[in-house]
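Step one of this worksheet: look at the structure below.
The values are calculated or read from the model by the stated rules, or taken from the named source; none is laboratory data. Source: prediction; values computed, not measured. Counting neighbours? That spans all protein chains shown, and the Cβs are built from the backbone with ideal geometry, glycine included. The area values use the complete protein model at the heavy-atom level, side chains included, leaving out ligands, DNA and RNA. Shrake-Rupley method; radii C 1.70, N 1.55, O 1.52, S 1.80 Å.
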Amino acid sequence: MEEELLIAFDSTQQALRAEMLLEYAEIEIDIFPTPKEITAGCAMSIQFFKADLIGVRKLIAEQNVEIRGIFSKNGEGSGYIEVE
């Protein structure tokens with residue numbers, strides 16, 4: 001199974017903007033509730049496959065989307081860690 005990553009946001013406006021841009025770029029995403037382990041100002045996060053990380057980072061940078069961070073599940077099964 002392919003690893004999934006999560007983008008957390010500080011605002012709903014930025015989350016909705018990112019959703020629109022990623023869908024337009026045909027990157028497969030899911031809307032996901034922000035896990036309580038990730039402190040963010042928005043209850044909505046975007047989940048995507050790790051294989052798309054480079055494209056996601058490029059789009060976020062080019063479009064100046066403000067994010068809290070990109071996170072992956074901790075290998076130990078609980079919690080999340082920020083992706084470098």
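Below, the figures for the structure above:
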| read-out | value |
| --- | --- |
| Residue list for region 1-36, restricted to those being under 14 Å from VAL56 (Cα atoms) and basic (Lys, Arg) | ARG17 |
| Residues of region 1-55 classified as buried (at least 18 other Cβ atoms within 10 Å of the Cβ), of a type outside the set (Val, Ile, Thr) and within 16 Å of GLU82 (Cβ to Cβ), total | 7 |
| Selection within region 38-57 - under 12 Å from SER72 (Cβ atoms) and outside any strand (DSSP E or B) | ILE38, LYS50, LEU53 |
| Residue in region 68-75 that is open to solvent by 80 Å² or more (accessible area, probe 1.4 Å), in contact with a Phe, Trp or Tyr (Cβ under 8 Å, 6 or more places away or on another chain), closer than 23 Å to GLN13 by Cα and not in a loop (DSSP other than H, G, I, E, B) present | no |
